[in-house]
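Trainee: The structure is given below, and queries will be raised subsequently.
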Amino acid sequence: MTDLVFRARRCVAGGAEIAACVRVRDGRIVSVDPFDTPVGDSRLVEVGQDEVLLPGLVDTHVHVNDPGRAEWEGFPTATRAAAAGGVTTIIDMPLNSVPPTTDVRALEIKQAAARGRSFVDVGFWGGAVPGNAGELAALHEAGVFGFKCFLLDSGVEEFGHLGPDELVGHLRVTAELDALMIAHAEDAAAITPTPPGRAYAGFLASRPAVAEDNAIAAVAKAVALTGARAHIVHLSSADALPLLSDRVTAETCPHYLTFAAEDVPDGATEFKCCPPIRDAANRDRLWQALADGLISMIVSDHSPCTPELKRFDTGDFAAAWGGIASVQLGLPAVWTGAAARGHSLVDVVGWMAVGPAELVGLRHKGRIAPGFDADLCVFAPDEEFTVDAAALHHRNPVTAYHGTTLRGVVRSTWLRGDPVGEPRGELLERGSA
């Protein structure tokens, strides 16, 4: 006997869209059977004719900022927003919270802030900063999923950036641990101060594509020297694609695939992020890299702040905080662009569930398959809606997507076989899920 059966005419499983009965026992999928298989006495969930059953998404790039800057975002609001967007697992970034996750004590503080307050499962990245190479082994043993570094000023003083020699030193440690280093890769030498004012063009010109390209080349050189593995976060510059390899991988984000620089209004600081949103031709090249398998995953880089930090009073790009709040909107944003380009929901699941889960070694997440957690999303792919920032679940009603019409609505989200309604998310450690 199984506890629960999802019967769906459309279900993304096994790398295809099929009609299936998905059987669940004790929070795990036990079988994926033909659609007309008898369900017996099991509780039945009928997925609607206009709906598709997807695995819960895995978002490995979320800034929760809790504790320390919980007025920007917190575990209850971030994870509730994630669940509303079909995301059932997040990995929290080690900075913008205070203290940053750069030693085991800080990790314990972060875990305490998340425990019992999260609507989805939560794991943690460790931080790689100047002077903490000796902390990495203990953080690795404590279960972080890898280490995040910046190659230029992070924007917060408590999370320093690695110079070239420090990057090599930290990579030597991660190579010994067989741990992943993820890098915010921009070269400060190629960046100029953002001119004060409302012009998006000025901000964009201050952070040119070559800043990413140079930094990613430096990461690739350091990886070759040390034998480490590295992953480039929030890739914006399509010019850097030839630098990627089996040992230097990359992700991109929904905002780089949805928006184009020429469409960003002056003064619209909700669009400010680093690296910046580039032009439509660059966006098309990122989509092609996804189609070609050169980029294997899409994650949100949910990076919220309080409204006043966006400087809506002046619209000054030089003064505004950079970051886009979007953890609830990644699936419809990506599906809108993917469907318009002839991609399928199988492709989207590969980029937003399978790829991120594989990057961090989540062995029971991201697929509808026997032995995997029954983390599921019921998605209506043809329903459209217009984003209202005030109706989203993250803490502050600010997002670049406000007023944008997107395709695809998450109807329900299930965590280990139960509909998400209470904060029952578990804390994950590397190798545990």
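The values are calculated or read from the model by the stated rules, or taken from the named source; none is laboratory data. Just so you know, these numbers come straight off a predicted model, no measurement behind them. Here the Cβ positions follow ideal geometry from the backbone for every residue, glycine too, while neighbour counts run over all protein chains shown.
Trainee: Give me the residue from region 279-322 that is surrounded by fewer than 24 Cβ atoms within 10 Å (Cβ to Cβ) and on the phi > 0 side of the Ramachandran plot and, out of that set, farthest from the chain's Cα centre (by Cα).
Mentor: Gly315
Trainee: Within the bounds of region 164-181, is there any residue that is within 30 Å of Trp414 (Cα to Cα), at pLDDT 95 or above and not β-branched (Val, Ile, Thr)?
Mentor: Checking region 164-181: at least one residue is within 30 Å of Trp414 (Cα to Cα), at pLDDT 95 or above and not β-branched (Val, Ile, Thr).
Trainee: Further question: Any residue at all in region 353-365 that's in contact (Cβ under 8 Å) with a residue 40 or more places away in the chain, among the basic types (Lys, Arg) and surrounded by 22 or more Cβ atoms within 10 Å (Cβ to Cβ)?
Mentor: yes
Trainee: Going by the structure shown, is Val47 buried (at least 19 other Cβ atoms within 10 Å of the Cβ) and in contact (Cβ under 8 Å) with a residue 40 or more places away in the chain?
Mentor: Answer is yes for this residue.
Trainee: Ok, one more. Here are Ala106, Ala70: which of them is in a loop (DSSP other than H, G, I, E, B) and either of a type in the set (A, V, I, L, M) or in contact with a Lys or Arg (Cβ under 7 Å, 6 or more places away or on another chain) (or both)?
Mentor: So the residue among Ala106, Ala70 that is in a loop (DSSP other than H, G, I, E, B) and either of a type in the set (A, V, I, L, M) or in contact with a Lys or Arg (Cβ under 7 Å, 6 or more places away or on another chain) (or both) is Ala70.
Trainee: On to the next question. Of all residues in region 22-39 being under 23 Å from Gly350 (Cβ atoms) and under 29 Å from the mean Cα position of the chain (by Cα), which is surrounded by the fewest Cβ atoms within 10 Å (Cβ to Cβ)?
Mentor: Out of the qualifying residues, it is Ser31.
Trainee: Please determine, by comparing only the residues of region 103-117 that are within 20 Å of Gly431 (Cα to Cα) and in contact (Cβ under 8 Å) with a residue 40 or more places away in the chain, which one is surrounded by the fewest Cβ atoms within 10 Å (Cβ to Cβ).
Mentor: Arg115
Trainee: Since Gly267 meets every condition but one in (1) more than 24 Å from Gly155 (Cβ to Cβ); (2) among the small types (Gly, Ala, Ser); (3) part of a loop (DSSP other than H, G, I, E, B), which condition does it not meet?
Mentor: (1)
Trainee: Which count do you get for residues in region 411-433 that are part of a strand (DSSP E or B), crowded, with 21+ Cβ neighbours inside 10 Å and of a type outside the set (Ser, Thr, Tyr)?
Mentor: Residues flagged as part of a strand (DSSP E or B), crowded, with 21+ Cβ neighbours inside 10 Å and of a type outside the set (Ser, Thr, Tyr) within region 411-433 amount to 2.
Trainee: Now for a different question. Would you point out the residue of region 366-394, among those that are in a loop (DSSP other than H, G, I, E, B) and charged (D, E, K, R), that is surrounded by the most Cβ atoms within 10 Å (Cβ to Cβ)?
Mentor: Asp375
Trainee: A follow-up question, please. Identify all residues within region 316-339 that are assigned to a loop (DSSP other than H, G, I, E, B) and either out of contact with any strand residue (DSSP E or B) (no Cβ under 9 Å at 6 or more places or on another chain) or not β-branched (Val, Ile, Thr) (or both); write none if there are none.
Mentor: Asp316, Phe317, Ala318, Ala319, Ala320, Trp321, Gly322, Gly323, Ala325, Ser326, Gln328, Leu329
Trainee: Of everything in region 135-187, what is in contact (Cβ under 8 Å) with a residue 60 or more places away in the chain, of a type in the set (Asp, Glu) and buried (at least 20 other Cβ atoms within 10 Å of the Cβ)? Give them in sequence order.
Mentor: Selection gives Glu186 alone.
Trainee: Can you pull out every residue in region 274-315 that is assigned to a loop (DSSP other than H, G, I, E, B) and under 22 Å from Val248 (Cβ atoms)?
Mentor: Listed by number, the residues that qualify are Cys274, Pro275, Pro276, Arg278, Gly293, Leu294, Ile295, Ser296, Val299, Ser300, Asp301.
Trainee: Answer with yes or no whether Gly56 is among the small types (Gly, Ala, Ser), surrounded by fewer than 20 Cβ atoms within 10 Å (Cβ to Cβ), modelled with pLDDT of 95 or more and under 22 Å from Ile368 (Cα atoms).
Mentor: no
Trainee: Here's something else I'd like to know. Output the number of residues of region 18-62 satisfying the condition of being assigned to a strand (DSSP E or B) and of a type in the set (Ser, Thr, Tyr).
Mentor: Adding up the residues that qualify gives 2.
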